[in-house]
Structure formats: C-alpha cells, structure tokens
Amino acid sequence: MTWVIILMLAADLSGIKTEPALEKRSEMALQYADSAINTARDAYNQGDFAKSQQALTEVSEAVDLSYNSLVATGKDPRKHAARFKDAEKATRQLLRRLESLRDLMSSVDRVTIDPIASKVADIHESLLKGIMGKKQ
C-alpha cells in the first residue's frame, strides 16, 4: 500500500514536494530523477527533443530538491551518513546515466545536457565533501 502512495506522489515533483519527511522526500526526488532520465532517453529516441529537454530539466530540479531536503534536515552528514551516502551514490549513478544519454545524442544536441550534468556533478561533489567532512 505504501508503494502505491509513493508512486502516486512521484507522478510529478509537486507531489514529492508535499512529502513531510525530508529524508524520504530526498529519496523520492532521486527516484524521480532516475525516471526522468528514462523519459528523456525515450523522448529523444522518438525524435521529441522538446519532451527530452523538459525531462532533463526535471532531472535537475529533482536533484536540487533531493539535496535541499537533506540539507534542511539539519543533520551532520558525517554523523548521519546513511542518507547522505545513499544520495551520493544515487547522484553518481545519475551522472553515469546522463553521460550514456549524452553519448546517444547528436553533437549538436549534446550541449543541452552539459549544464544538467554539471549541476548533478556539483551536488554529488557537495554530498561527498559533506560526508568526508571537507569544507564546501
């Protein structure tokens, strides 16, 4: 029953934003980002560049939401590393998937994915630095 509710909320980012548990919101946002990459890939393969771009924008927004939700918990990533480490691993996987999608794109279209990948990379690095206790 819980998964049905999660799937209904995950239908869009506005539903995820209503999740009161910040750590759960972060997790749901990352799952949404992963799903949005699938949508972007499918749309690109079908020749729907506008839909692909919209999905990539949602990837960026979802990763932002995830990170901001974790930060809003107020927890020290070094002392409560589990959720932060999960997010770090998820963003690393998202980066790999974005690179794979970039490889599929024509050279003209590739430049549109670079800002998204850069943002995900920045958040990934921030998560990693937080876990490691380095200054950000």
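Coordinate-derived values only; no laboratory data. It should be emphasised that the depicted structure is a prediction, and the values quoted were computed from it without experimental measurement. When we count neighbours, we look across all protein chains shown, and the Cβ atoms used for this are built from the backbone with ideal geometry, even at glycine.
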So which of Lys89/Lys129; Lys17/Lys51; Lys79/Lys129; Lys24/Lys75; Lys75/Lys129 end up more than 19 Å apart, counting from Cα to Cα?
Lys17/Lys51
To the nearest 10 degrees, how steep is helix 114-132 against the longest Cα principal axis of the chain, on a 0 to 90 scale?
20
Under unit Cβ charges (Lys, Arg +1; Asp, Glu -1), what dipole magnitude, rounded to 20 debye, does the chain have relative to its Cα centre?
640
Kirkwood Rh over alpha-carbon pairs of the range 68-136, then Stokes-Einstein at 10 °C and 1.306 mPa s: what D in µm² s⁻¹, rounded to an integer?
122
Lys24 to Lys129: FRET efficiency via 1/(1 + (r/R0)^6), r the Cβ-Cβ distance, R0 25 Å, to the nearest 0.05?
0.60
Go through 98-110, 32-44 and give me the packing order, highest mean Cβ count within 10 Å leading.
32-44, 98-110
Rounded to two decimals, the Debye log10 I(q)/I(0) of the range 23-132 (Cα scatterers, no solvent) at q = 0.11, 0.17, 0.22 Å⁻¹ is -0.33, -0.72, -1.08
